[in-house]
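Down below is the structure, laid out as C-alpha cells.
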Amino acid sequence: MATADTPQPLTLFEAIIPIASLIVLVALSYYLFGDAGALGPNQVALVLATMIAVFVGRAGISRPSETRRSTRSSRAAAWRAC
C-alpha cells in the first residue's frame with residue numbers, strides 16, 4: 001500500500017500507452033511514406049513516443065519532492081551499476 005510519500009505505480013493501461021503510441025506512429029510512418037519511412041519519420045515517431053512516455057510518467061508523480069527523490073535514487077542505482 002502506497003503512503004503519501006511514495007508515488008503510485010503505473011497501471012497496466014498507463015504502461016501500455018507509450019508502447020502502443022510508438023507502434024501506431026511507426027506504422028503510420030510506413031503507411032504514409034513507404035520505405036522512406038525508415039529514415040526521418042521513424043525518428044520523429046521515436047521522439048513523440050518518448051514525449052508521451054514522459055508525460056505518462058510525470059502524471060504518476062504529483063509533487064516535486066517525489067520527483068527529486070526518485071531522480072536521486074535512480075542516479076544512485078546507475079552509479080552502483082557502473
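Read-outs: derived from the displayed coordinates by stated rules, not from any lab. Since we're looking at a predicted model, the values are computed, not measured. With ideal geometry, Cβ positions are generated from the backbone for all residues, glycine too; neighbour counts draw on all protein chains shown.
Using a simple spin-label model with pseudo-atoms 7 Å out from Cα toward Cβ, A36 and I17 lie 3.4 nm apart.
Given R0 = 25 Å, the distance between the Cβ atoms of A78 and V24 translates into a calculated FRET efficiency of 0.25. A full extension of the chain between Q8 and M51 corresponds to an added length of 13.5 nm, given 0.36 nm per residue minus the alpha carbon distance.
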